[in-house]
1. Could you check how many residues of the range 364-386 are surrounded by 15 or more Cβ atoms within 10 Å (Cβ to Cβ) and closer than 26 Å to PHE235 by Cα?
2. Of everything in the range 297-324 that's among the hydrophobic types (A, V, I, L, M, F, W, C) and in a helix (DSSP H, G or I), which residue is surrounded by the fewest Cβ atoms within 10 Å (Cβ to Cβ)?
3. Part of a loop (DSSP other than H, G, I, E, B), among the aliphatic types (A, V, I, L, M) and surrounded by fewer than 24 Cβ atoms within 10 Å (Cβ to Cβ) - does that describe any residue in the range 102-116?
4. Of these, ALA434, ALA459, which one is modelled with pLDDT of 95 or more, among the hydrophobic types (A, V, I, L, M, F, W, C), out of contact with any Asp or Glu (no Cβ under 9 Å at 6 or more places or on another chain) and surrounded by 23 or more Cβ atoms within 10 Å (Cβ to Cβ)?
5. Out of the range 326-352, which residues are more than 21 Å from the chain's Cα centre (by Cα) and closer than 24 Å to ARG122 by Cα?
6. What are the residues in the range 134-150 that are part of a helix (DSSP H, G or I), open to solvent by less than 20 Å² (accessible area, probe 1.4 Å) and within 27 Å of CYS375 (Cβ to Cβ), if any?
7. Quick test of your reading of the structure: GLU398 fulfils all but one of (1) acidic (Asp, Glu); (2) open to solvent by 50 Å² or more (accessible area, probe 1.4 Å); (3) at pLDDT below 95; (4) more than 30 Å from LEU331 (Cα to Cα). Name the failing condition by number.
8. Search the range 462-480 for residues being open to solvent by 20 Å² or more (accessible area, probe 1.4 Å) and in contact (Cβ under 8 Å) with a residue 60 or more places away in the chain, and hand back the single one that is nearest to PHE300 (Cα to Cα).
Amino acid sequence: MNKLCSNLFLKNRHFANLFIPKPYSTSLEDTEKIKKFRERQRLRKEISEERAGEKTFMMLKDEMGRLKKGEFSLPEPKLPRYSEYVIIGGGIIGSSIAYAMKNRAPESFDLMVVERDPKYTRSSSALSVGGIRQQFSLPENIELSLYSSEFLRNVKQHLSILDDDPPDISFQPHGYLFLATEAGAEQIIQNHRLQTELGAKIELYRPKQLKEKFPWLNVEGIELGAYGVENEGWFDPWALLSAFKKKACSLGANYVNAEVIGFEFEDRNPILGPERGDPLLRTNYMYVKDDEGEVQCIEFAFLVVAGGAYSAEIARMLNIGTGRGPLAVPLPVEPRKRYVYVFNCPNGPSLDMPLIVDPTGTYVRREGLGGKYICGRSPAAGEEPDVSNLEVDYNFFEKEVWPSLAKRVPAFEAVKVSSAWAGYYDYNTFDQNAIVGMHPYFPNIYFATGFSGHGIQMAPAIGRAMMELLIDKEYTTLDLKRFSMKRVFNDHPIYEQNIV
């Protein structure tokens, strides 16, 4: 990323701190609007049935009026009333799915993306650090990242649009360097064995080798380092999100600025009488509030929830986590705030510096060419910050981040934070891994959420996998069956050991 892009990148993220996140919910005001909308629809139906002839006359009168004005086509409704596929959330995950779907079959179906924040001022995608790595402990995560790295390497081929400049995501291929103490070395070795079996290019270095390759690094207390020599690094997440969205739109995806506020349900339980039991709920209708506050009803065949950190709010609107039986199990995703700090160090490590992950969990990498670096760290369990706003806690840097930085890279002993921003993980509280696929209760509702900080790097692969699942009804390129919601129902967590 050049210096100008880097400055704009940081400025946009700092600006986002002024906005307070708004969870998805159905307020009392929205509930009243839905009631009024239903009542209007009921009255229109009654009037239509009672005054069919008069209605036909009025329609002809309206048509003649448009013809006199030279308007030879019907006015387009503000929001479509039907779309075969609807994706809630137009961030990197939703946009990747929209791209993959329409790229597969541009003319075969309607696809709508509902996004309530079209400028992405609160989007986790836009506020991401933008890293990609294959250094995971689960095969699914490794394969997701390998697929995505291949996609990013050929991003201009995939996401270019005729007569537009090809997308430039400013990929920096400097790798990740995970450092381990003696206690963590065995886990690194086990991970490395699996990673290399699956095709990742990771090298293991002992302290002497680390010091030779990175002379500015303090290797005191380090037993082993794992360095990604290919397909790892970082990129501009805003550029990738924009490219996905533009390409999806060029292929026919319809992005609408609206907020989902509820769903209409139908009981399809075929059993009658006293043995009927619980209702069998199904839904093909959702209520949305447009940018002018008006409520509309949209019919869909298939729904994909890609609402990021607030996906569980949408799930609750679907009675997931609030109902009985299978609906008693909530979607275990919530927002977790993470800080990213920017500091200057003119005498810091050179351009070949990888993204370093210290045994403490602190990470740091370069940002652009002007001596800037960015860093951060996840808080300890039980010390999660307030998620009601995007304010930054600068004391967290002084107490938790800076001591690790100064110890690991002596050049960082005398640095000060120049700016910072905060963003959200769509954190899966169950096992910190993605929840992908069809909900076990609703056959037409799918989820792609809970990535716990890995969504930006896995987005191209998730788009591919969801496209196959929605169109082909099975995974063919990447097998993500273990990441389905069923594991939550069965209480079988799948833990990833390499969480940053």
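The values are calculated or read from the model by the stated rules, or taken from the named source; none is laboratory data. This one's a predicted model, so the numbers in the text were calculated from it and none came from an experiment. Every residue, glycine as well, gets a Cβ built from its backbone with ideal geometry; the counts of neighbours run over all protein chains shown. Protein only, heavy atoms only, side chains kept; ligands, DNA and RNA dropped before computing areas. Shrake-Rupley method; radii C 1.70, N 1.55, O 1.52, S 1.80 Å.
1. Let us first name the residues in the range 364-386 that are surrounded by 15 or more Cβ atoms within 10 Å (Cβ to Cβ), namely 364-368, 372-379, 384-385.
With the extra rule that they be closer than 26 Å to PHE235 by Cα, the set shrinks to 364-368, 372-379.
Adding up the residues that qualify gives 13.
2. Going through the range 297-324, the residues among the hydrophobic types (A, V, I, L, M, F, W, C) turn out to be 297-298, 300-306, 309, 312, 314-315, 317-318, 320.
Narrowing the set further to residues that are in a helix (DSSP H, G or I) leaves 309, 312, 314-315, 317.
Numbers: ALA309: 27, ALA312: 24, ILE314: 26, ALA315: 27, MET317: 21.
Checking each candidate, the answer is MET317.
3. Step one: list which residues in the range 102-116 are part of a loop (DSSP other than H, G, I, E, B), which gives 105-110, 116.
Remaining after also requiring among the aliphatic types (A, V, I, L, M): 105.
Next cut, surrounded by fewer than 24 Cβ atoms within 10 Å (Cβ to Cβ) only: 105.
Among the residues of the range 102-116, at least one is part of a loop (DSSP other than H, G, I, E, B), among the aliphatic types (A, V, I, L, M) and surrounded by fewer than 24 Cβ atoms within 10 Å (Cβ to Cβ), which makes the answer yes.
4. Numbers: ALA434 fails: out of contact with any Asp or Glu (no Cβ under 9 Å at 6 or more places or on another chain).
Result: ALA459 is the single residue among ALA434, ALA459 that is modelled with pLDDT of 95 or more, among the hydrophobic types (A, V, I, L, M, F, W, C), out of contact with any Asp or Glu (no Cβ under 9 Å at 6 or more places or on another chain) and surrounded by 23 or more Cβ atoms within 10 Å (Cβ to Cβ).
5. Pass one, the range 326-352, residues more than 21 Å from the chain's Cα centre (by Cα): 326-329, 341-352.
TYR341, VAL342, PHE343, listed by residue number.
6. Our first condition is that a residue be part of a helix (DSSP H, G or I); within the range 134-150, this holds for 139-150.
This time we only want the ones that are open to solvent by less than 20 Å² (accessible area, probe 1.4 Å), so: 140-142, 144-145, 148-149.
Selection gives ASN141, ILE142, LEU144, SER145, SER148, SER149.
7. (3)
8. Filtering the range 462-480 down to residues open to solvent by 20 Å² or more (accessible area, probe 1.4 Å) leaves 464, 469, 471-477, 479.
Narrowing the set further to residues that are in contact (Cβ under 8 Å) with a residue 60 or more places away in the chain leaves 464, 471, 477, 479.
Details: ARG464: 21, ILE471: 15, THR477: 27, ASP479: 27 Å.
The residue in question is ILE471.
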